[in-house]
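Notes follow once the structure below has been shown.
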Amino acid sequence: MLENNLRRNKMKCNEVYGSIKELFSEFEENHEKFIEKGNKSAGARARKAIGGIKKLVTDYRKSSVDDAKS
């Protein structure tokens, strides 16, 4: 049972990491459009992506602490 929890936590940690990478890529793309072209909608999308990353960082920290404890 403990091994299953470890696998689940590591998978969750990896899933969160993948989501953070995707959102950061989205942020970079939209940030460049906002800065270089003055696209206001892209600025809003960049801020939304950063907000999503902020939420995922908390989940990642919890998962990584759980992994370290076990």
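The values are calculated or read from the model by the stated rules, or taken from the named source; none is laboratory data. Everything numeric in this text was worked out from a predicted model, so none of it was measured. All Cβ positions, glycine included, derive from the backbone under ideal geometry; neighbour counts span all protein chains shown. Accessible surface is based on the protein model in full, side chains and every heavy atom, while ligands, DNA and RNA are left aside. Shrake-Rupley method; radii C 1.70, N 1.55, O 1.52, S 1.80 Å.
Step by step: first the residues of the range 21-32, then only those that are surrounded by fewer than 17 Cβ atoms within 10 Å (Cβ to Cβ) and either of a type in the set (D, E, K, R) or modelled with pLDDT under 95 (or both), then the one that is farthest from the chain's Cα centre (by Cα). Which residue is that?
If we take residues in the range 21-32 being surrounded by fewer than 17 Cβ atoms within 10 Å (Cβ to Cβ) and either of a type in the set (D, E, K, R) or modelled with pLDDT under 95 (or both), then Glu32 is farthest from the chain's Cα centre (by Cα).
When the residues of the range 33-55 are narrowed to those that are β-branched (Val, Ile, Thr) and under 15 Å from the mean Cα position of the chain (by Cα), which ends up least open to solvent (accessible area, probe 1.4 Å)?
Ile53
Has the range 5-15 got any residue that is open to solvent by less than 50 Å² (accessible area, probe 1.4 Å), assigned to a helix (DSSP H, G or I) and modelled with pLDDT of 95 or more?
no
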